[in-house]
Amino acid sequence: MIRLLRTYLRPYARQLAAVMVLLLIQAIANLYLPDLNADIINNGIAKGDNDLIVRTGGLMLVVTLLLGLASILAVYLGSRAAMGFGRDVRSAIFSKVEGFSQVEVNHFGPASLITRNTNDVQQVQMVVFMALTVLISAPILAVGGVIMAIRQDVPLSGLLVVILPIMALVIGLVMTRAIPLFRAVQVKLDRINQVTRETLAGVRVIRAFVRTGHEEQRFETANRDLFETSIAVNRLFALTIPVMTGILNLSLVAVMWFGAMRVETGGMPIGNLTAFLQYLMQILFAVLMAVIMFVFVPRAAVSAGRIQEVLEMEPSVRDPEQPIKLPRDERRGTVEFQAVEFRYPGAEQPVLHDISFVARPGQTTAIVGSTGSGKSTLVNLIARFYDVSGGTVLVDGVDVRAVDREDLWGTLGVIPQKAFLFSGTVASNLRYGDPAATDEDLWHALEIAQGRDFVEEMADGLEAPITQGGSNVSGGQRQRLAIARALVKKADIYIFDDSFSALDFSTDARLRAALKAELGRATLIIVAQRVGTIMSADRIVVMEAGRIVGSGTHTELMASNETYREIVYSQLTEAEAVA
(Lines give C-alpha, C1' and ligand atoms only; values in the text may rest on other atoms or scores of the structure.)
Protein backbone atom coordinates (compact mmCIF):
# COMPACT_ATOMS: atom_id res chain seq x y z
CA MET A 1 0.00 0.00 0.00
CA ILE A 2 2.85 2.39 0.85
CA ARG A 3 4.40 1.85 -2.58
CA LEU A 4 1.10 2.58 -4.32
CA LEU A 5 0.59 5.76 -2.31
CA ARG A 6 4.16 6.92 -2.85
CA THR A 7 3.89 6.44 -6.61
CA TYR A 8 0.51 8.02 -7.27
CA LEU A 9 0.51 10.79 -4.65
CA ARG A 10 3.87 12.16 -5.85
CA PRO A 11 2.24 14.55 -8.39
CA TYR A 12 0.28 16.10 -5.51
CA ALA A 13 3.32 16.78 -3.32
CA ARG A 14 2.62 20.53 -3.11
CA GLN A 15 -1.02 20.03 -2.21
CA LEU A 16 -0.04 17.45 0.41
CA ALA A 17 2.54 19.81 1.90
CA ALA A 18 -0.09 22.56 2.07
CA VAL A 19 -2.55 20.16 3.72
CA MET A 20 0.05 19.16 6.33
CA VAL A 21 0.80 22.82 7.14
CA LEU A 22 -2.92 23.57 7.46
CA LEU A 23 -3.49 20.52 9.66
CA LEU A 24 -0.54 21.57 11.82
CA ILE A 25 -2.07 25.04 12.20
CA GLN A 26 -5.40 23.39 13.00
CA ALA A 27 -3.82 21.12 15.63
CA ILE A 28 -1.86 23.98 17.25
CA ALA A 29 -5.04 26.06 17.42
CA ASN A 30 -6.94 23.17 19.02
CA LEU A 31 -4.15 22.72 21.59
CA TYR A 32 -3.90 26.44 22.32
CA LEU A 33 -7.61 27.09 23.00
CA PRO A 34 -7.91 25.03 26.25
CA ASP A 35 -4.83 26.84 27.65
CA LEU A 36 -6.45 30.21 26.92
CA ASN A 37 -9.67 28.97 28.51
CA ALA A 38 -7.75 27.93 31.65
CA ASP A 39 -6.14 31.39 31.79
CA ILE A 40 -9.60 33.05 31.71
CA ILE A 41 -10.86 30.82 34.55
CA ASN A 42 -7.74 31.06 36.74
CA ASN A 43 -6.74 34.69 36.19
CA GLY A 44 -9.85 36.35 34.81
CA ILE A 45 -12.96 34.98 36.51
CA ALA A 46 -11.25 34.03 39.79
CA LYS A 47 -9.60 37.48 40.15
CA GLY A 48 -12.37 39.53 38.51
CA ASP A 49 -10.06 40.84 35.78
CA ASN A 50 -12.54 41.80 33.04
CA ASP A 51 -9.86 43.25 30.76
CA LEU A 52 -8.02 39.92 30.73
CA ILE A 53 -11.30 38.11 29.97
CA VAL A 54 -12.01 40.42 27.01
CA ARG A 55 -8.46 40.27 25.65
CA THR A 56 -8.15 36.52 26.00
CA GLY A 57 -11.69 35.96 24.70
CA GLY A 58 -10.90 38.08 21.65
CA LEU A 59 -7.73 36.08 21.07
CA MET A 60 -9.78 32.87 21.33
CA LEU A 61 -12.15 34.18 18.64
CA VAL A 62 -9.20 34.97 16.33
CA VAL A 63 -7.71 31.50 16.94
CA THR A 64 -11.12 29.89 16.32
CA LEU A 65 -11.49 31.81 13.04
CA LEU A 66 -8.02 30.71 11.97
CA LEU A 67 -8.90 27.14 12.97
CA GLY A 68 -12.08 27.19 10.85
CA LEU A 69 -10.29 28.64 7.81
CA ALA A 70 -7.46 26.09 8.07
CA SER A 71 -10.01 23.24 8.37
CA ILE A 72 -11.92 24.33 5.25
CA LEU A 73 -8.77 24.69 3.13
CA ALA A 74 -7.33 21.40 4.41
CA VAL A 75 -10.50 19.49 3.49
CA TYR A 76 -10.66 21.16 0.06
CA LEU A 77 -7.03 20.45 -0.85
CA GLY A 78 -7.14 16.98 0.71
CA SER A 79 -10.23 16.00 -1.26
CA ARG A 80 -8.69 17.24 -4.53
CA ALA A 81 -5.54 15.20 -3.89
CA ALA A 82 -7.54 12.08 -2.93
CA MET A 83 -9.87 12.31 -5.95
CA GLY A 84 -6.90 12.95 -8.25
CA PHE A 85 -5.14 9.92 -6.77
CA GLY A 86 -8.18 7.73 -7.50
CA ARG A 87 -8.43 9.06 -11.05
CA ASP A 88 -4.73 8.41 -11.74
CA VAL A 89 -4.80 4.87 -10.31
CA ARG A 90 -7.88 3.95 -12.34
CA SER A 91 -6.19 5.29 -15.48
CA ALA A 92 -3.02 3.34 -14.69
CA ILE A 93 -4.94 0.08 -14.19
CA PHE A 94 -6.92 0.59 -17.40
CA SER A 95 -3.75 1.33 -19.39
CA LYS A 96 -2.02 -1.69 -17.88
CA VAL A 97 -4.91 -4.03 -18.68
CA GLU A 98 -5.00 -2.76 -22.27
CA GLY A 99 -1.44 -4.03 -22.61
CA PHE A 100 -2.28 -7.48 -21.23
CA SER A 101 -2.34 -10.47 -23.49
CA GLN A 102 -5.16 -12.98 -23.21
CA VAL A 103 -2.99 -14.95 -20.76
CA GLU A 104 -3.07 -12.18 -18.13
CA VAL A 105 -6.77 -11.42 -18.71
CA ASN A 106 -7.57 -15.10 -18.13
CA HIS A 107 -5.29 -15.15 -15.06
CA PHE A 108 -7.20 -12.38 -13.26
CA GLY A 109 -10.59 -12.82 -14.89
CA PRO A 110 -12.65 -9.93 -16.32
CA ALA A 111 -14.88 -9.75 -13.20
CA SER A 112 -11.88 -9.37 -10.89
CA LEU A 113 -10.26 -6.73 -13.10
CA ILE A 114 -13.47 -4.68 -13.03
CA THR A 115 -13.66 -4.98 -9.23
CA ARG A 116 -10.04 -3.93 -8.84
CA ASN A 117 -10.53 -0.85 -11.01
CA THR A 118 -13.71 0.25 -9.22
CA ASN A 119 -14.31 -1.05 -5.70
CA ASP A 120 -10.66 -1.56 -4.77
CA VAL A 121 -9.60 1.88 -6.00
CA GLN A 122 -12.52 3.43 -4.13
CA GLN A 123 -11.44 1.74 -0.88
CA VAL A 124 -7.89 3.12 -1.13
CA GLN A 125 -9.13 6.54 -2.27
CA MET A 126 -11.40 6.77 0.78
CA VAL A 127 -8.51 6.02 3.13
CA VAL A 128 -6.34 8.64 1.39
CA PHE A 129 -9.07 11.25 1.87
CA MET A 130 -9.59 10.31 5.53
CA ALA A 131 -5.85 10.25 6.16
CA LEU A 132 -5.47 13.75 4.76
CA THR A 133 -8.32 15.08 6.90
CA VAL A 134 -8.09 12.95 10.08
CA LEU A 135 -5.09 10.66 10.35
CA ILE A 136 -2.37 13.31 9.95
CA SER A 137 -3.86 15.57 12.63
CA ALA A 138 -4.64 12.69 15.02
CA PRO A 139 -1.02 11.98 16.12
CA ILE A 140 -0.32 15.73 16.42
CA LEU A 141 -3.34 16.14 18.67
CA ALA A 142 -2.47 13.02 20.67
CA VAL A 143 1.19 13.87 21.28
CA GLY A 144 0.52 17.58 21.71
CA GLY A 145 -2.37 16.79 24.03
CA VAL A 146 -0.14 14.62 26.24
CA ILE A 147 2.48 17.38 26.46
CA MET A 148 -0.11 20.05 27.25
CA ALA A 149 -1.84 17.78 29.79
CA ILE A 150 1.47 17.25 31.61
CA ARG A 151 1.91 21.05 31.68
CA GLN A 152 -1.43 21.35 33.47
CA ASP A 153 -0.70 18.74 36.16
CA VAL A 154 1.99 16.05 36.25
CA PRO A 155 0.46 13.70 38.90
CA LEU A 156 -2.94 13.64 37.14
CA SER A 157 -1.18 12.88 33.83
CA GLY A 158 -0.19 9.52 35.32
CA LEU A 159 -3.65 8.28 34.29
CA LEU A 160 -2.53 8.46 30.66
CA VAL A 161 0.09 5.77 31.37
CA VAL A 162 -2.79 3.38 32.04
CA ILE A 163 -5.32 4.58 29.46
CA LEU A 164 -3.18 4.76 26.31
CA PRO A 165 -1.64 1.23 26.48
CA ILE A 166 -5.12 -0.27 26.95
CA MET A 167 -6.37 1.52 23.84
CA ALA A 168 -3.26 0.47 21.87
CA LEU A 169 -3.85 -3.17 22.88
CA VAL A 170 -7.46 -3.03 21.65
CA ILE A 171 -6.37 -1.53 18.32
CA GLY A 172 -3.67 -4.20 17.86
CA LEU A 173 -6.12 -7.05 18.49
CA VAL A 174 -8.63 -5.59 16.05
CA MET A 175 -6.03 -5.17 13.29
CA THR A 176 -4.80 -8.76 13.69
CA ARG A 177 -8.28 -10.13 13.14
CA ALA A 178 -9.53 -7.59 10.58
CA ILE A 179 -6.93 -7.91 7.81
CA PRO A 180 -7.65 -11.60 6.94
CA LEU A 181 -11.39 -10.88 7.04
CA PHE A 182 -11.11 -7.94 4.65
CA ARG A 183 -8.98 -10.04 2.29
CA ALA A 184 -11.72 -12.67 2.29
CA VAL A 185 -14.39 -10.01 1.64
CA GLN A 186 -12.63 -8.81 -1.53
CA VAL A 187 -12.22 -12.37 -2.86
CA LYS A 188 -15.90 -13.09 -2.24
CA LEU A 189 -16.89 -9.81 -3.87
CA ASP A 190 -14.97 -10.98 -6.95
CA ARG A 191 -17.00 -14.20 -6.86
CA ILE A 192 -20.29 -12.25 -6.72
CA ASN A 193 -19.23 -10.22 -9.77
CA GLN A 194 -18.17 -13.34 -11.63
CA VAL A 195 -21.47 -15.15 -11.03
CA THR A 196 -23.48 -12.03 -11.94
CA ARG A 197 -21.48 -11.48 -15.12
CA GLU A 198 -21.84 -15.12 -16.22
CA THR A 199 -25.58 -15.10 -15.50
CA LEU A 200 -26.21 -11.91 -17.47
CA ALA A 201 -24.02 -13.03 -20.39
CA GLY A 202 -25.59 -16.51 -20.52
CA VAL A 203 -29.18 -15.59 -19.74
CA ARG A 204 -30.55 -17.15 -22.95
CA VAL A 205 -28.75 -20.44 -22.32
CA ILE A 206 -29.98 -20.47 -18.71
CA ARG A 207 -33.60 -20.00 -19.80
CA ALA A 208 -33.33 -22.46 -22.67
CA PHE A 209 -32.14 -25.19 -20.29
CA VAL A 210 -34.58 -24.17 -17.54
CA ARG A 211 -31.69 -23.56 -15.12
CA THR A 212 -32.94 -20.31 -13.60
CA GLY A 213 -33.37 -21.97 -10.21
CA HIS A 214 -29.87 -23.43 -10.36
CA GLU A 215 -28.35 -20.01 -11.14
CA GLU A 216 -30.37 -18.38 -8.37
CA GLN A 217 -29.00 -20.97 -5.95
CA ARG A 218 -25.46 -20.41 -7.23
CA PHE A 219 -25.80 -16.66 -6.71
CA GLU A 220 -27.40 -17.20 -3.30
CA THR A 221 -24.44 -19.36 -2.22
CA ALA A 222 -21.93 -16.68 -3.26
CA ASN A 223 -24.11 -13.93 -1.79
CA ARG A 224 -24.52 -15.69 1.57
CA ASP A 225 -20.79 -16.41 1.70
CA LEU A 226 -20.07 -12.67 1.29
CA PHE A 227 -22.84 -11.84 3.77
CA GLU A 228 -21.42 -14.10 6.49
CA THR A 229 -17.89 -12.76 6.10
CA SER A 230 -19.15 -9.16 6.12
CA ILE A 231 -21.18 -9.89 9.26
CA ALA A 232 -18.00 -11.21 10.93
CA VAL A 233 -16.25 -7.92 10.07
CA ASN A 234 -19.15 -5.83 11.35
CA ARG A 235 -19.35 -7.85 14.57
CA LEU A 236 -15.68 -7.13 15.15
CA PHE A 237 -16.10 -3.39 14.78
CA ALA A 238 -19.48 -3.38 16.52
CA LEU A 239 -17.55 -4.56 19.58
CA THR A 240 -14.55 -2.28 19.03
CA ILE A 241 -16.32 1.10 19.01
CA PRO A 242 -18.28 0.51 22.28
CA VAL A 243 -15.09 -0.73 23.97
CA MET A 244 -13.19 2.38 22.91
CA THR A 245 -16.10 4.63 23.93
CA GLY A 246 -16.26 2.86 27.29
CA ILE A 247 -12.54 3.47 27.85
CA LEU A 248 -13.09 7.14 26.93
CA ASN A 249 -15.96 7.59 29.40
CA LEU A 250 -14.20 5.74 32.23
CA SER A 251 -11.12 7.90 31.62
CA LEU A 252 -13.22 11.07 31.99
CA VAL A 253 -14.75 9.77 35.23
CA ALA A 254 -11.29 8.92 36.61
CA VAL A 255 -9.89 12.35 35.70
CA MET A 256 -12.83 14.17 37.27
CA TRP A 257 -12.57 12.01 40.42
CA PHE A 258 -8.85 12.41 40.98
CA GLY A 259 -8.84 15.98 39.60
CA ALA A 260 -11.54 17.02 42.07
CA MET A 261 -9.37 15.70 44.91
CA ARG A 262 -6.39 17.66 43.56
CA VAL A 263 -8.48 20.84 43.36
CA GLU A 264 -9.87 20.29 46.86
CA THR A 265 -6.37 19.98 48.33
CA GLY A 266 -5.20 23.08 46.42
CA GLY A 267 -2.69 21.12 44.31
CA MET A 268 -4.38 22.12 41.06
CA PRO A 269 -6.38 25.22 39.96
CA ILE A 270 -9.90 24.64 38.64
CA GLY A 271 -8.96 26.19 35.28
CA ASN A 272 -6.15 23.66 34.86
CA LEU A 273 -8.59 20.80 35.57
CA THR A 274 -10.93 22.16 32.89
CA ALA A 275 -8.05 22.40 30.42
CA PHE A 276 -6.83 18.91 31.40
CA LEU A 277 -10.28 17.48 30.65
CA GLN A 278 -10.28 19.18 27.24
CA TYR A 279 -6.80 17.83 26.46
CA LEU A 280 -7.86 14.36 27.56
CA MET A 281 -10.88 14.61 25.26
CA GLN A 282 -8.60 15.65 22.40
CA ILE A 283 -6.20 12.76 23.08
CA LEU A 284 -8.93 10.16 23.30
CA PHE A 285 -10.83 11.67 20.34
CA ALA A 286 -7.64 11.46 18.26
CA VAL A 287 -7.19 7.83 19.26
CA LEU A 288 -10.85 7.11 18.51
CA MET A 289 -10.48 8.71 15.06
CA ALA A 290 -7.44 6.53 14.50
CA VAL A 291 -9.51 3.47 15.42
CA ILE A 292 -12.22 4.49 12.95
CA MET A 293 -9.48 4.89 10.36
CA PHE A 294 -8.27 1.40 11.19
CA VAL A 295 -11.73 0.15 10.27
CA PHE A 296 -10.92 1.19 6.70
CA VAL A 297 -7.14 0.74 6.59
CA PRO A 298 -7.07 -3.12 6.60
CA ARG A 299 -9.58 -3.30 3.76
CA ALA A 300 -7.73 -0.58 1.85
CA ALA A 301 -4.45 -2.43 2.42
CA VAL A 302 -5.93 -5.57 0.89
CA SER A 303 -7.37 -3.54 -2.00
CA ALA A 304 -4.03 -1.81 -2.56
CA GLY A 305 -2.33 -5.22 -2.72
CA ARG A 306 -4.81 -6.39 -5.35
CA ILE A 307 -4.29 -3.19 -7.36
CA GLN A 308 -0.52 -3.61 -7.09
CA GLU A 309 -0.82 -7.17 -8.44
CA VAL A 310 -2.33 -5.79 -11.64
CA LEU A 311 0.12 -2.89 -11.95
CA GLU A 312 3.15 -5.14 -11.34
CA MET A 313 2.03 -7.96 -13.63
CA GLU A 314 4.42 -8.19 -16.56
CA PRO A 315 2.55 -9.06 -19.76
CA SER A 316 3.71 -12.28 -21.38
CA VAL A 317 3.36 -10.54 -24.76
CA ARG A 318 5.46 -7.36 -24.90
CA ASP A 319 6.74 -5.01 -27.55
CA PRO A 320 10.45 -5.44 -28.37
CA GLU A 321 12.91 -2.82 -27.12
CA GLN A 322 14.10 -2.16 -30.68
CA PRO A 323 11.15 -3.02 -32.95
CA ILE A 324 11.56 -3.73 -36.64
CA LYS A 325 9.30 -1.84 -39.03
CA LEU A 326 7.24 -3.95 -41.41
CA PRO A 327 8.15 -3.38 -45.07
CA ARG A 328 5.75 -1.17 -47.01
CA ASP A 329 6.12 -2.48 -50.57
CA GLU A 330 3.14 -2.99 -52.87
CA ARG A 331 2.86 -6.77 -52.29
CA ARG A 332 2.84 -6.68 -48.52
CA GLY A 333 0.64 -9.02 -46.47
CA THR A 334 2.43 -12.38 -46.59
CA VAL A 335 1.82 -14.53 -43.48
CA GLU A 336 4.07 -17.52 -42.86
CA PHE A 337 4.03 -20.17 -40.13
CA GLN A 338 7.32 -22.00 -39.63
CA ALA A 339 7.20 -25.13 -37.42
CA VAL A 340 4.89 -23.37 -34.95
CA GLU A 341 4.06 -24.97 -31.62
CA PHE A 342 1.78 -23.49 -28.98
CA ARG A 343 0.67 -24.52 -25.53
CA TYR A 344 -1.48 -22.59 -23.07
CA PRO A 345 0.21 -21.53 -19.80
CA GLY A 346 0.26 -24.44 -17.37
CA ALA A 347 -0.84 -26.98 -19.99
CA GLU A 348 1.07 -30.26 -20.19
CA GLN A 349 0.56 -30.79 -23.92
CA PRO A 350 0.71 -28.33 -26.83
CA VAL A 351 -2.51 -27.56 -28.68
CA LEU A 352 -0.65 -26.84 -31.94
CA HIS A 353 2.13 -29.04 -33.32
CA ASP A 354 4.58 -28.27 -36.13
CA ILE A 355 2.34 -25.86 -38.08
CA SER A 356 3.90 -24.67 -41.34
CA PHE A 357 2.17 -22.92 -44.26
CA VAL A 358 2.17 -19.60 -46.15
CA ALA A 359 -0.76 -17.25 -46.85
CA ARG A 360 0.03 -14.85 -49.70
CA PRO A 361 -1.40 -11.50 -50.88
CA GLY A 362 -4.16 -11.76 -53.46
CA GLN A 363 -5.06 -15.26 -52.27
CA THR A 364 -7.68 -16.71 -49.97
CA THR A 365 -6.31 -19.20 -47.47
CA ALA A 366 -8.96 -21.21 -45.64
CA ILE A 367 -8.49 -23.16 -42.44
CA VAL A 368 -10.94 -25.95 -41.76
CA GLY A 369 -11.16 -28.70 -39.19
CA SER A 370 -13.32 -30.25 -36.52
CA THR A 371 -14.21 -28.42 -33.33
CA GLY A 372 -11.19 -28.16 -31.03
CA SER A 373 -8.65 -28.74 -33.78
CA GLY A 374 -6.92 -25.41 -33.01
CA LYS A 375 -8.17 -23.19 -35.86
CA SER A 376 -8.96 -20.07 -33.79
CA THR A 377 -5.85 -20.53 -31.66
CA LEU A 378 -3.81 -20.60 -34.86
CA VAL A 379 -5.06 -17.24 -36.18
CA ASN A 380 -4.78 -15.65 -32.71
CA LEU A 381 -1.01 -16.13 -33.00
CA ILE A 382 -0.87 -13.82 -36.04
CA ALA A 383 -2.15 -10.83 -34.04
CA ARG A 384 -0.02 -11.84 -31.01
CA PHE A 385 -3.01 -12.32 -28.75
CA TYR A 386 -0.73 -15.15 -27.63
CA ASP A 387 2.93 -15.79 -28.41
CA VAL A 388 4.12 -19.05 -29.92
CA SER A 389 5.78 -21.61 -27.64
CA GLY A 390 8.03 -22.75 -30.48
CA GLY A 391 8.70 -21.92 -34.10
CA THR A 392 8.00 -18.57 -35.77
CA VAL A 393 5.08 -16.59 -37.20
CA LEU A 394 6.24 -14.17 -39.91
CA VAL A 395 4.43 -11.22 -41.49
CA ASP A 396 6.18 -9.95 -44.62
CA GLY A 397 9.25 -11.93 -43.60
CA VAL A 398 9.50 -10.37 -40.12
CA ASP A 399 8.94 -12.33 -36.90
CA VAL A 400 5.80 -10.83 -35.31
CA ARG A 401 7.62 -10.84 -31.93
CA ALA A 402 10.14 -8.36 -33.36
CA VAL A 403 7.45 -5.88 -34.45
CA ASP A 404 5.75 -3.20 -32.39
CA ARG A 405 2.25 -4.54 -31.77
CA GLU A 406 0.50 -1.38 -32.95
CA ASP A 407 2.47 -1.54 -36.20
CA LEU A 408 1.45 -5.21 -36.56
CA TRP A 409 -2.20 -4.55 -35.71
CA GLY A 410 -2.23 -1.72 -38.24
CA THR A 411 -1.79 -4.27 -41.03
CA LEU A 412 -4.57 -6.57 -39.79
CA GLY A 413 -8.34 -6.51 -40.13
CA VAL A 414 -9.65 -9.02 -37.61
CA ILE A 415 -13.25 -10.20 -37.51
CA PRO A 416 -13.52 -12.33 -34.35
CA GLN A 417 -15.60 -15.43 -33.87
CA LYS A 418 -18.02 -13.53 -31.63
CA ALA A 419 -18.92 -10.24 -33.31
CA PHE A 420 -18.85 -7.44 -30.74
CA LEU A 421 -20.24 -3.95 -31.23
CA PHE A 422 -19.81 -0.94 -28.96
CA SER A 423 -22.60 1.28 -27.69
CA GLY A 424 -23.00 4.26 -30.01
CA THR A 425 -24.20 4.39 -33.61
CA VAL A 426 -23.64 2.35 -36.76
CA ALA A 427 -21.23 5.05 -37.97
CA SER A 428 -19.21 5.19 -34.72
CA ASN A 429 -18.80 1.40 -34.80
CA LEU A 430 -17.68 1.37 -38.43
CA ARG A 431 -15.28 4.28 -37.86
CA TYR A 432 -13.58 2.16 -35.20
CA GLY A 433 -11.71 0.80 -38.22
CA ASP A 434 -10.74 4.27 -39.47
CA PRO A 435 -11.79 7.45 -37.58
CA ALA A 436 -11.20 9.52 -40.75
CA ALA A 437 -13.52 7.42 -42.96
CA THR A 438 -16.18 9.38 -44.87
CA ASP A 439 -19.85 8.40 -45.06
CA GLU A 440 -19.18 7.17 -48.61
CA ASP A 441 -16.44 4.86 -47.27
CA LEU A 442 -18.86 3.48 -44.69
CA TRP A 443 -21.62 2.82 -47.22
CA HIS A 444 -19.12 1.13 -49.54
CA ALA A 445 -17.89 -1.15 -46.75
CA LEU A 446 -21.50 -1.97 -45.82
CA GLU A 447 -22.25 -2.81 -49.46
CA ILE A 448 -19.34 -5.27 -49.61
CA ALA A 449 -20.38 -6.78 -46.25
CA GLN A 450 -23.99 -7.15 -47.50
CA GLY A 451 -25.19 -4.82 -44.75
CA ARG A 452 -26.27 -1.76 -46.72
CA ASP A 453 -29.89 -2.84 -47.11
CA PHE A 454 -30.70 -3.32 -43.44
CA VAL A 455 -28.82 -0.15 -42.40
CA GLU A 456 -30.78 1.90 -44.97
CA GLU A 457 -33.99 0.48 -43.50
CA MET A 458 -33.08 1.82 -40.05
CA ALA A 459 -34.76 5.13 -39.22
CA ASP A 460 -31.50 7.04 -38.79
CA GLY A 461 -29.30 5.13 -41.23
CA LEU A 462 -25.65 5.45 -40.27
CA GLU A 463 -26.68 7.36 -37.14
CA ALA A 464 -28.98 4.56 -35.94
CA PRO A 465 -28.22 3.68 -32.31
CA ILE A 466 -26.37 0.52 -31.38
CA THR A 467 -26.70 -0.72 -27.81
CA GLN A 468 -23.86 -2.28 -25.82
CA GLY A 469 -22.68 -5.49 -27.48
CA GLY A 470 -25.02 -4.85 -30.41
CA SER A 471 -27.95 -6.44 -28.59
CA ASN A 472 -30.51 -4.45 -30.64
CA VAL A 473 -29.49 -6.10 -33.94
CA SER A 474 -29.58 -9.74 -34.99
CA GLY A 475 -26.58 -12.08 -34.98
CA GLY A 476 -26.25 -11.92 -38.76
CA GLN A 477 -26.46 -8.13 -38.74
CA ARG A 478 -23.78 -7.96 -36.03
CA GLN A 479 -21.49 -10.13 -38.13
CA ARG A 480 -21.99 -7.99 -41.22
CA LEU A 481 -21.36 -4.78 -39.26
CA ALA A 482 -18.19 -6.34 -37.78
CA ILE A 483 -17.02 -7.31 -41.27
CA ALA A 484 -17.78 -3.80 -42.57
CA ARG A 485 -15.82 -2.31 -39.67
CA ALA A 486 -12.76 -4.33 -40.68
CA LEU A 487 -13.20 -3.40 -44.35
CA VAL A 488 -13.25 0.32 -43.48
CA LYS A 489 -9.73 -0.15 -42.11
CA LYS A 490 -8.37 -1.09 -45.58
CA ALA A 491 -5.92 -3.59 -44.06
CA ASP A 492 -3.34 -5.73 -45.83
CA ILE A 493 -4.38 -8.95 -44.07
CA TYR A 494 -7.95 -9.93 -43.20
CA ILE A 495 -8.62 -12.68 -40.69
CA PHE A 496 -12.18 -14.03 -40.68
CA ASP A 497 -12.51 -16.28 -37.63
CA ASP A 498 -15.72 -18.19 -38.41
CA SER A 499 -17.28 -14.80 -39.24
CA PHE A 500 -19.96 -16.09 -41.62
CA SER A 501 -21.65 -18.58 -39.28
CA ALA A 502 -24.79 -16.45 -38.72
CA LEU A 503 -25.30 -15.70 -42.43
CA ASP A 504 -27.68 -17.57 -44.71
CA PHE A 505 -26.17 -19.35 -47.72
CA SER A 506 -27.18 -16.74 -50.30
CA THR A 507 -25.81 -13.83 -48.21
CA ASP A 508 -22.65 -15.87 -47.55
CA ALA A 509 -22.17 -16.44 -51.31
CA ARG A 510 -22.74 -12.77 -52.21
CA LEU A 511 -20.36 -11.67 -49.45
CA ARG A 512 -17.59 -14.00 -50.59
CA ALA A 513 -17.98 -12.84 -54.19
CA ALA A 514 -17.81 -9.18 -53.10
CA LEU A 515 -14.76 -9.82 -50.95
CA LYS A 516 -12.96 -11.53 -53.86
CA ALA A 517 -13.78 -8.64 -56.19
CA GLU A 518 -12.93 -5.81 -53.80
CA LEU A 519 -10.02 -7.26 -51.82
CA GLY A 520 -8.02 -8.88 -54.60
CA ARG A 521 -4.78 -7.29 -53.36
CA ALA A 522 -5.19 -8.36 -49.72
CA THR A 523 -4.39 -11.59 -47.92
CA LEU A 524 -7.58 -13.34 -46.77
CA ILE A 525 -7.41 -15.97 -44.05
CA ILE A 526 -10.77 -17.60 -43.38
CA VAL A 527 -11.53 -19.95 -40.52
CA ALA A 528 -14.77 -21.73 -41.27
CA GLN A 529 -16.99 -24.56 -40.14
CA ARG A 530 -19.10 -24.53 -43.30
CA VAL A 531 -17.38 -26.14 -46.25
CA GLY A 532 -19.45 -24.10 -48.70
CA THR A 533 -17.72 -20.97 -47.47
CA ILE A 534 -14.21 -22.12 -48.38
CA MET A 535 -14.58 -24.45 -51.40
CA SER A 536 -13.37 -21.76 -53.80
CA ALA A 537 -10.36 -20.77 -51.65
CA ASP A 538 -6.95 -20.73 -53.34
CA ARG A 539 -5.61 -22.93 -50.56
CA ILE A 540 -7.34 -24.94 -47.85
CA VAL A 541 -5.43 -26.01 -44.74
CA VAL A 542 -7.01 -29.01 -43.00
CA MET A 543 -6.40 -29.37 -39.27
CA GLU A 544 -7.00 -32.22 -36.87
CA ALA A 545 -5.93 -32.42 -33.20
CA GLY A 546 -3.67 -29.37 -33.56
CA ARG A 547 -1.81 -30.64 -36.64
CA ILE A 548 -2.02 -29.92 -40.35
CA VAL A 549 -3.18 -33.11 -42.02
CA GLY A 550 -3.74 -31.72 -45.48
CA SER A 551 -3.22 -28.68 -47.69
CA GLY A 552 -4.32 -27.79 -51.20
CA THR A 553 -7.33 -26.78 -53.28
CA HIS A 554 -10.78 -28.28 -52.76
CA THR A 555 -10.31 -30.59 -55.79
CA GLU A 556 -6.85 -31.75 -54.64
CA LEU A 557 -8.00 -32.45 -51.09
CA MET A 558 -11.11 -34.33 -52.23
CA ALA A 559 -8.83 -36.61 -54.20
CA SER A 560 -6.13 -37.11 -51.57
CA ASN A 561 -7.30 -36.27 -48.02
CA GLU A 562 -9.65 -38.54 -46.07
CA THR A 563 -10.17 -36.05 -43.21
CA TYR A 564 -11.27 -33.32 -45.60
CA ARG A 565 -13.62 -35.70 -47.45
CA GLU A 566 -15.26 -36.64 -44.14
CA ILE A 567 -15.84 -32.97 -43.31
CA VAL A 568 -17.23 -32.26 -46.78
CA TYR A 569 -19.58 -35.28 -46.90
CA SER A 570 -20.87 -34.48 -43.42
CA GLN A 571 -22.28 -31.25 -44.88
CA LEU A 572 -22.76 -31.75 -48.63
CA THR A 573 -23.99 -34.43 -50.98
CA GLU A 574 -21.54 -36.00 -53.42
CA ALA A 575 -23.00 -33.95 -56.26
CA GLU A 576 -22.70 -30.69 -54.29
CA ALA A 577 -19.12 -31.54 -53.27
CA VAL A 578 -18.03 -32.05 -56.89
CA ALA A 579 -19.82 -28.91 -58.06
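The values are calculated or read from the model by the stated rules, or taken from the named source; none is laboratory data. This one's a predicted model, so the numbers in the text were calculated from it and none came from an experiment. Every residue, glycine among them, receives a Cβ derived from its backbone with ideal geometry; neighbour counts consider all protein chains shown. These area figures cover heavy atoms from the full protein model, side chains too; ligands, DNA and RNA do not enter into them. Shrake-Rupley method; radii C 1.70, N 1.55, O 1.52, S 1.80 Å.
Just one of the numbered conditions (1) assigned to a loop (DSSP other than H, G, I, E, B); (2) open to solvent by 30 Å² or more (accessible area, probe 1.4 Å) is not true of Trp443: (1). Scanning region 507-561 for residues that are in a helix (DSSP H, G or I), open to solvent by less than 60 Å² (accessible area, probe 1.4 Å) and among the hydroxyl-bearing types (Ser, Thr, Tyr) gives Thr507, Thr533. Does Pro323 count as in a loop (DSSP other than H, G, I, E, B) and open to solvent by 20 Å² or more (accessible area, probe 1.4 Å)? So Pro323 passes the test.
Within region 123-135, the residues that satisfy the criterion of being closer than 16 Å to Ala74 by Cα and open to solvent by less than 40 Å² (accessible area, probe 1.4 Å) are Val127, Val128, Met130, Ala131, Leu132, Thr133, Val134. Of all the listed residues (Arg55, Arg116), the sole one being among the basic types (Lys, Arg) and surrounded by fewer than 18 Cβ atoms within 10 Å (Cβ to Cβ) is Arg55. Here Glu104 meets the list (1) under 30 Å from Ala275 (Cβ atoms); (2) in contact (Cβ under 8 Å) with a residue 12 or more places away in the chain almost entirely, failing just condition (1). On inspection, Arg197 fails the criterion of being part of a helix (DSSP H, G or I), under 30 Å from Asn42 (Cβ atoms), among the basic types (Lys, Arg) and out of contact with any Gly (no Cβ under 8 Å at 6 or more places or on another chain). Filtered by the rule that a residue be surrounded by 17 or more Cβ atoms within 10 Å (Cβ to Cβ), in contact with a Ser or Thr (Cβ under 8 Å, 6 or more places away or on another chain) and assigned to a strand (DSSP E or B), region 337-360 gives Phe337, Val340, Phe342, Leu352, Ala359. In region 235-252, the qualifying residues are those that are touching a residue at least 12 places away in the same chain (Cβ under 8 Å) and open to solvent by 30 Å² or more (accessible area, probe 1.4 Å), and the one that is farthest from the chain's Cα centre (by Cα) is Leu252. Within region 206-220, the set of residues being assigned to a helix (DSSP H, G or I) and exposed (fewer than 12 other Cβ atoms within 10 Å of the Cβ) comprises Arg207, Ala208, Gly213, His214, Gln217. The residue that is surrounded by the fewest Cβ atoms within 10 Å (Cβ to Cβ), among those in region 361-375 that are outside any loop (DSSP other than H, G, I, E, B) and modelled with pLDDT under 90, is Lys375.
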